[in-house]
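Inspection log for the structure reproduced underneath, given as structure tokens.
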Amino acid sequence: MAEVKVSLDLTEETLQSMEVGMAFRDYSGRISSMDFHRASSYLVTASDDESIRLYDVANATCLKTINSKKYGVELVCFTSHPTTVIYSSKNGWDESLRLLSLNDNKYLRYFKGHHDRVVSLSLCARNDFFISGSLDRTVLLWDQRAEKCQGLLRVQGRPATAYDDQGLVFTIASGGYIRMFDARKYEKGPFDVYSVGGDFSDAHVVKFSNDGRLMLLTTTNGFVYVLDAFRGTLLCSYSVKPVSTNSTLEASFSPEGMFVISGSGDGSVYAWSVRSGKEVASWMSTEKEPPVIKWAPGNVMFATGSSELSLWVPDLSKLGTYAGRK
């Protein structure tokens, strides 16, 4: 892996060569969420089998499995600490968020405020703030150090939320619009509102590229939109199979923002070039639901989660530059 990380640029050819290098098949339910830690080689997953699992992808090993039988688990995100996570419940009666230490399986804090399923969770990279969006049509702003929410914003429909990499701006997408907020003055309302051109279907995920210049939005209708994060102009849109009511269409920027990878309603994975707007690679699947999908920070690797966890890496034997090297 070290040679790949240091000397392999992410080109269309590299992307097309990518295949599953390692798969973990010991899940007894679908993976509903996963997150890479920003500064370590750790990956955390949440699954319908009510487990939270911590992996070290550098060594392709599962370090820990924690069961959340009482509350279930749907969404999971790392805090700045590589063994502390925030997760949402999946039991239909308690919509609290929980701050959990994976080291000793201890709850450090509960965050109560939502009254329906939490469908979006985004942590600020620069401080202890995070935001959550729920089917109760609210977005709540939190500080990890306090149990009570710090702010509440009402939305129309299902919300998708994200912080930019600097933690200065956050966005809420819902009902065909993307609203941009200054994280320090959010109570004044959005400083800009972008439209994605008449697609009023539910927002699923919204994300910023690492450099903050681009954002993507996915919708129930099976569209992935890429926008200029400063002007709101639509740069390109990609279409995949629409997703069923209970599924989430996920997409992820590659580390330098040149490519977007996404799931699809038929379980396939696609990769597109942001510059050309064209599809550059696709991987078919026997699954019938979209996988969760995340690109590993600063690495030529992405992960997909469905009924199993797959780590995708380039196959060096397919690349001309590396062919014949021993």
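Determine, yes or no, whether VAL155 is in contact with a Lys or Arg (Cβ under 9 Å, 6 or more places away or on another chain) and open to solvent by less than 10 Å² (accessible area, probe 1.4 Å). Judged against the criteria, VAL155 is not a match.
Within the range 105-126, take every residue that is touching an Asp or Glu at 6+ places or on another chain (Cβ under 7 Å) and either buried (at least 18 other Cβ atoms within 10 Å of the Cβ) or aliphatic (A, V, I, L, M) (or both) and give me the one that is farthest from ASN246 (Cα to Cα). Restricting to residues being touching an Asp or Glu at 6+ places or on another chain (Cβ under 7 Å) and either buried (at least 18 other Cβ atoms within 10 Å of the Cβ) or aliphatic (A, V, I, L, M) (or both), the top hit is ALA125. Residues that are farther than 21 Å from ILE31 by Cα number at least 3 in the following strands (runs of 3 or more DSSP E) confined to the range 193-264: 214-219, 223-228, 234-239. Only residues that are under 17 Å from the mean Cα position of the chain (by Cα) and either of a type in the set (A, V, I, L, M, F, W, C) or at pLDDT 95 or above (or both): list them for the range 232-256, please. Selection gives VAL243, LEU249, GLU250, ALA251, SER252, PHE253, SER254.
Has the range 86-104 got any residue that is within 22 Å of SER40 (Cβ to Cβ), over 22 Å from the mean Cα position of the chain (by Cα), loosely packed, with under 13 Cβ neighbours inside 10 Å and not hydrophobic (A, V, I, L, M, F, W, C)? Scanning the range 86-104 turns up at least one residue that is within 22 Å of SER40 (Cβ to Cβ), over 22 Å from the mean Cα position of the chain (by Cα), loosely packed, with under 13 Cβ neighbours inside 10 Å and not hydrophobic (A, V, I, L, M, F, W, C).
Look at PHE129 and say whether it is open to solvent by 60 Å² or more (accessible area, probe 1.4 Å), at pLDDT 95 or above and closer than 23 Å to HIS204 by Cβ. Yes; evaluated as a whole, the condition is true for this residue.
Of the candidates SER282, SER317, SER276, SER307, the single residue that is modelled with pLDDT of 95 or more, out of contact with any helix residue (DSSP H, G or I) (no Cβ under 7 Å at 6 or more places or on another chain), surrounded by fewer than 22 Cβ atoms within 10 Å (Cβ to Cβ) and polar (S, T, N, Q) is SER282.
Taking the range 211-250 as the range and being closer than 20 Å to THR161 by Cβ, crowded, with 18+ Cβ neighbours inside 10 Å and of a type outside the set (Ser, Thr, Tyr) as the test, the residues that pass are LEU214, MET215, LEU216, LEU217, PHE223, VAL224, VAL226, LEU227, ALA229, VAL243, LEU249, GLU250. Can you say whether TYR322 is at negative phi, open to solvent by 30 Å² or more (accessible area, probe 1.4 Å) and either in contact with a helix residue (DSSP H, G or I) (Cβ under 7 Å, 6 or more places away or on another chain) or modelled with pLDDT of 95 or more (or both), as far as the supplied structure shows? Considered against the rule, which asks whether it is at negative phi, open to solvent by 30 Å² or more (accessible area, probe 1.4 Å) and either in contact with a helix residue (DSSP H, G or I) (Cβ under 7 Å, 6 or more places away or on another chain) or modelled with pLDDT of 95 or more (or both), TYR322 comes out as no. Going by what's in this entry, would ASP48 be described as surrounded by fewer than 16 Cβ atoms within 10 Å (Cβ to Cβ) and over 15 Å from LYS294 (Cβ atoms)? Considered against the rule, which asks whether it is surrounded by fewer than 16 Cβ atoms within 10 Å (Cβ to Cβ) and over 15 Å from LYS294 (Cβ atoms), ASP48 comes out as no.
The values are calculated or read from the model by the stated rules, or taken from the named source; none is laboratory data. Computed from a predicted structure; not experimentally measured. Don't worry about glycine lacking a Cβ; one is built from the backbone with ideal geometry, like all the others, and counts go over all protein chains shown. What goes into the accessible areas is simple: the full protein's heavy atoms, side chains included, and nothing from ligands, DNA or RNA. Shrake-Rupley method; radii C 1.70, N 1.55, O 1.52, S 1.80 Å.
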